[in-house]
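Here's the structure we're looking at; comments come further down.
Where a number appears in this text, it was derived from the coordinates with a stated rule and is not lab data. None of the values given here were measured: they were computed from a predicted structure. Counting neighbours? That spans all protein chains shown, and the Cβs are built from the backbone with ideal geometry, glycine included.
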Amino acid sequence: MEKIRNIAIIAHVDHGKTTMVDQLLRQSGTFRANQAQASTERVMDSMDLEREKGITIKAKNAAFQYKDYHINIVDTPGHADFGGEVERSLKMVDGVLLVVDSTDGPQAQTKFVLKKALAIGARPIVVLNKVDRENSRPNVVLDMVFELFLELNATDEQLDFPIVYASGKVGFASKTWPGHLTEEIRNGGMTALYDTIVEKIAPPVANPDKHFELLVANLDYSEYVGRIAIGKIYGGSVKVGDPMVCLHKDGRKTKGKVTQIMSHAGLAKIEIPEAFAGNIVGIAGIDEVYIGETITDKEDRTALEFVDIDPPTINMQILVNDSPLAGKEGKFLTARHIRDRLIKETRTNVSLIVKDTDSAAAYQVSARGEMQIAVLVEQMRREGFELMVSRPEVIYRKDEKGDTLEPIENLYVDIPQENLGDVLQAIAARKGEVTDMKHATKTVLVEAVIPTRGLIGFETDLVNLTRGTGIMSHIFKEYGPKRGEIVTRQNGVLVSMEGGEATGFAINNIQERGILFVAPGEECYEGMIVGENSRPDDMAVNPCKAKALTNMRSQGDGKGIQLQAPRVLTLERSLEYIAADEYVEATPTKLRIRKKILNEDQRRRTAKQSAS
């Protein structure tokens, strides 16, 4: 146990955390020279979506050997929507590598994960990354980190943190930084960071003389052995073939037998015959096991304590696709298919809650944020599912007096100074209150308190207002009094009144009314939204109208139509864009927006009834 170190690596989105893990694995000799992975960037981000978005979504385990030490490393997501992954991962570790960009300094997500890590007593090592960049300012950033530790009530021991200056991309680490990259530092590689981990992170807190007990912090699945419970062994040891008992949260006890024990060598899972206290392993043999439960040797043992995670703040409905084009593009279409897939997701994602609704074709999904559900829907459509998704709605609560409370978040926005007025206006329109502003040479860091409702669609607005240079992050703060109505979409939409293929002739006429979402040749149906109106009300249009030809038409008439390129909405943008009476239809090949009620007359009747 003295030769084991369990660490998590935490950072804000895009601060170089995953690249840092790659270097640790590579330079420790984990990858053989002939392994293809050794040349792959960001090997920890193994999901396609993670590579495309450039973020970590799932917490992942890896391990490497340094000298005679076995170092387990957990890569945690940096986005607040995936906070459930972070909280449970931290239960397995004794120390954290806090990776901070030496130009940007600590951001909101750094604060979010660090707060959780310090609360469980983990020992931090501060890694100032990207110090070799021209505009890096490691000394200023170090002061900012120290202030953050004070703000988060770190203990005296935690405040006495070791500092390592590094570049994950170039592949060096040093305990001092002379202001430029020297040959000596470059040749030293990551050795300074390896040594700091071994010296400063304590061996795992566990009791080898106690009975066997493991706290489940993550789940994996194998076609051959079924569900694999991943966690840290807090006591004793376990061998393949040993009897075991799972102590469930509801008091039930399930017996099983250890069929396989998995450890890590790099990213690869390897089978081992026996595991000891302090190590992070995967154990197969019990099918019904969930995150937060305890696996032990006998029925009369007491369960280990599991940290509660922050509650979901967003609700959305996922429904069976019932559009006129349903079933043409996907393989999995039925309510049973969708329900089974959602339930499967909740088994490995503790911050997601799925409930049945009054309708057999609809399921309510609660999560930390719209991005978490958007990632799930994107995964499902890539797997061949067809489904519809409703607009995100926040989860309200009532206080003792019966007043409505809504989730409130701390918002942090880093923007160029010339965009300050526009961004402040956007925050105010979304019922946000600015609490602090810090001016740098060319940028401003704005801190605000804003309802979760106000954050829906805000990221897209920020990108548009700052031409892509604005950075935002947010953390759940509390439930507070409801802050009135927020108007997120100023314009109405153009709704198709007919089905068929869109024609260039019709689109040429419609594009004067607003911005189109469809191109000629695309399949449309009645009730499908084909564009954004330039006015605030919805308008019915016919994108499938063909040109009426007569025998009197001159040869040159109608030539030279100039069509504007349609606006292409991503899944996240579509979910932010839709109104309460609309759905996003997601299939493996298409994303469409549609009205819940497709027929225009029926929509009008329903609107009149609800108004009266």
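Note on region 493-611: Kirkwood radius taken over Cα pairs, Stokes-Einstein applied at 25 °C and 0.890 mPa s, translational D equal to 160 µm² s⁻¹. Just want to confirm a number: the relative contact order over the chain, from Cα pairs under 8 angstrom separated by 6+ residues, in percent. The value is 10 percent. Rg then Dmax, both in Å and based on the Cα atoms of region 328-447: 19.8, 57.
Checking every one of the trypsin sites (Lys or Arg not before Pro) in region 387-454 against DSSP loop status and a limit of 12 other Cβ atoms within 10 Å picks out 401, 442. Given a cut-off of 13 Å, what percent of all Cα-Cα pairs of region 198-239 lie beyond it? Summing the P(r) tail past 13 Å for region 198-239 gives 64 percent.
Restricting region 432-489 to GluC sites (Glu not before Pro) that sit in a DSSP loop and have at most 14 other Cβ atoms within 10 Å of their own Cβ leaves 485. Average projection, convex hull of the Cα set of region 397-481: 5.4 square nanometres. In loop segments of region 110-206 as defined by DSSP, the GluC sites (Glu not before Pro) with at most 15 further C-beta atoms inside 10 Å of their C-beta are 134. Taking a Cβ cut-off of under 10 Å around residue 212, the surrounding Lys, Arg, Asp and Glu residues balance to a net charge of +1, with basic ones at +1 and acidic ones at -1.
In the chain, which longest range has no chymotrypsin sites (Phe, Trp or Tyr not before Pro) that are both DSSP loop (not H, G, I, E or B) and surrounded by at most 14 other Cβ atoms within 10 Å? My reading of the result: 1-223 is the longest stretch. Over region 300-375, the Kirkwood radius and the radius of gyration, each from Cα atoms, give a ratio Rg/Rh of 1.09.
Over all pairs of different C-alpha atoms, the chain has a mean inverse distance whose reciprocal, the Kirkwood radius, equals 26.9 Å. In summary, region 129-240 shows an alpha-carbon radius of gyration equal to 1.52 times the 2.2 N^0.38 Å reference for compact globular proteins. Overall size of region 479-525 from C-alpha positions, given as principal axis extents largest first: 51, 21, 16 Å.
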